[in-house]
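Read the structure below first, then the notes.
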Amino acid sequence: MATYNSYYSTTDTTWANWCGDSGTTTATDTTWNHWCDGTADTTNSYIWINWCTEGPVVQSSGSGNTITLTASSPRIPTEEERRQTRMRERAERRLRMNRSRMLTRQRIVAENKALQLLEDLIGPEQRKVYEETGRLFVKGQKYDWLLRAGGIPMRIERDRVMDLCIHLPNRHSLPETDNIIALKCLVEADEELFRRTGNARSFRNRNEKIDLQINRAAKAA
Amino acid sequence: MGEMAVLGKEGDTKFMWDPKVDFEVDDARARFDKYIKEGYLAFHVDKEGNKAKPMKKFDPKAGKIILTPAPTGG
């Protein structure tokens, strides 16, 4: 049980807001009247109904400048309310799953379109290798490059390779293969701009695994 | 027929035009200029496996054009 008095409650933020920050919290305030003068006027009020149905049941007694609030334990939802909550949650879950499936389908369709466009550029043999390995060998004016789906391009040198971080700005919202197409076009058309745009990462020595990737992709090119 | 493929979220969007039909060429040129203004890069490509070439101006006889957002460093 708690007892509130309008005079000392003016320092309370909530109360101050209710009273319009005026500091005047006399019983003549409309809000105060509603809250203090019994529930007869406020039982139909939206705020009152929400307070009574959503949270603990609040009962008031007293009037004028002093009001006593008694909060009981939280109300337990009825079986019907629980059933409706379950149904609503189930419907929301279904909606989320459908939305997710639809997005997945759209991504697959978009990726297939991108693969078709890539095939127009490189032919069916090289596409097959790309689909199997996720690697595309591209010859620039100065260097050979290995473009990697979901990864960053690799500049191929005699004994070592260098990773160059470059990609489309909105890469993750586009089909992965569109990123590869864009990089392939830029390497071929303007390798200097490609090198300037990308951020160079560390050099790595070529090893058997890297050689295997390079050779397979280069053979198909 | 000329063909312009613009890379986007739903895969590429294709625009086609007949180089002999003026209004189709004008429409394709307007689209090309719009994307270039937005910062896209244009490449002239072919099916013979030749290297892509950069394009600054629309050429109705280019055959196939790919427009991509400009890549950025990661």
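The values are calculated or read from the model by the stated rules, or taken from the named source; none is laboratory data. Computed from a predicted model, the values in this text were never measured in an experiment. Note that we place each Cβ from the backbone using ideal geometry, even for glycine, and neighbour counts take in every protein chain shown.
Points to keep in mind about this one:
- Any hit, the range A:163-172, residues being at pLDDT 95 or above, more than 9 Å from chain B (Cβ to nearest Cβ) and within 24 Å of A:Asp211 (Cβ to Cβ): no
- Criterion: over 27 Å from A:Ser173 (Cβ atoms) and either free of Cβ contacts under 8 Å to residues at least 12 places away in the same chain or under 11 Å from the mean Cα position of the chain (by Cα) (or both) - qualifying residue of B:Asp46, B:Asp26: B:Asp26
Residues are listed down the side, and each one gets a yes or a no for (1) of a type in the set (A, V, I, L, M, F, W, C); (2) touching a Phe, Trp or Tyr at 6+ places or on another chain (Cβ under 7 Å); (3) part of a helix (DSSP H, G or I):
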{"residue": "A:Arg90", "(1), (2), (3)": "no, no, yes"}
{"residue": "A:Met102", "(1), (2), (3)": "yes, no, yes"}
{"residue": "A:Lys113", "(1), (2), (3)": "no, no, yes"}
{"residue": "A:Glu125", "(1), (2), (3)": "no, no, yes"}
{"residue": "A:Glu131", "(1), (2), (3)": "no, no, yes"}
{"residue": "A:Leu147", "(1), (2), (3)": "yes, no, no"}
{"residue": "A:Arg158", "(1), (2), (3)": "no, no, no"}
{"residue": "A:Leu164", "(1), (2), (3)": "yes, no, no"}
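- Check on B:Phe32, modelled with pLDDT of 95 or more, away from chain A (no Cβ under 14 Å) and under 30 Å from A:Leu164 (Cβ atoms): yes
- Residues in the range B:1-23 that are away from chain A (no Cβ under 14 Å) and either under 20 Å from A:Leu186 (Cβ atoms) or free of Cβ contacts under 8 Å to residues at least 12 places away in the same chain (or both): B:Lys20, B:Val21, B:Asp22, B:Phe23.
- Scanning the range B:35-74 for residues that are more than 8 Å from chain A (Cβ to nearest Cβ), under 12 Å from A:Leu186 (Cα atoms) and among the aliphatic types (A, V, I, L, M) returns B:Ala42, B:Met55, B:Leu67.
- Per-region count, the range A:159-178, residues buried (at least 16 other Cβ atoms within 10 Å of the Cβ) and within 21 Å of B:Leu41 (Cα to Cα): 10
- Test: residue in the range A:132-152 that is over 27 Å from B:Val6 (Cβ atoms) and free of Cβ contacts under 8 Å to residues at least 24 places away in the same chain: yes
The rows are residues; the columns are (1) assigned to a strand (DSSP E or B); (2) surrounded by 15 or more Cβ atoms within 10 Å (Cβ to Cβ).
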{"position": "B:Met16", "(1), (2)": "yes, no"}
{"position": "B:Pro19", "(1), (2)": "no, yes"}
{"position": "B:Ala42", "(1), (2)": "yes, yes"}
{"position": "B:Glu48", "(1), (2)": "no, no"}
{"position": "B:Lys51", "(1), (2)": "no, yes"}
{"position": "B:Ile65", "(1), (2)": "yes, yes"}
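- When we screen A:Ile181, A:Ile156 for residues that are under 19 Å from B:Asp46 (Cβ atoms) and in the same structural domain as A:Leu103 (by TED's automatic domain parsing), the only hit is A:Ile181.
- Scanning the range A:173-211 for residues that are over 16 Å from A:Lys142 (Cβ atoms) and among the small types (Gly, Ala, Ser), we see that the one that is farthest from the other protein chains (Cβ to nearest Cβ) is A:Ser202.
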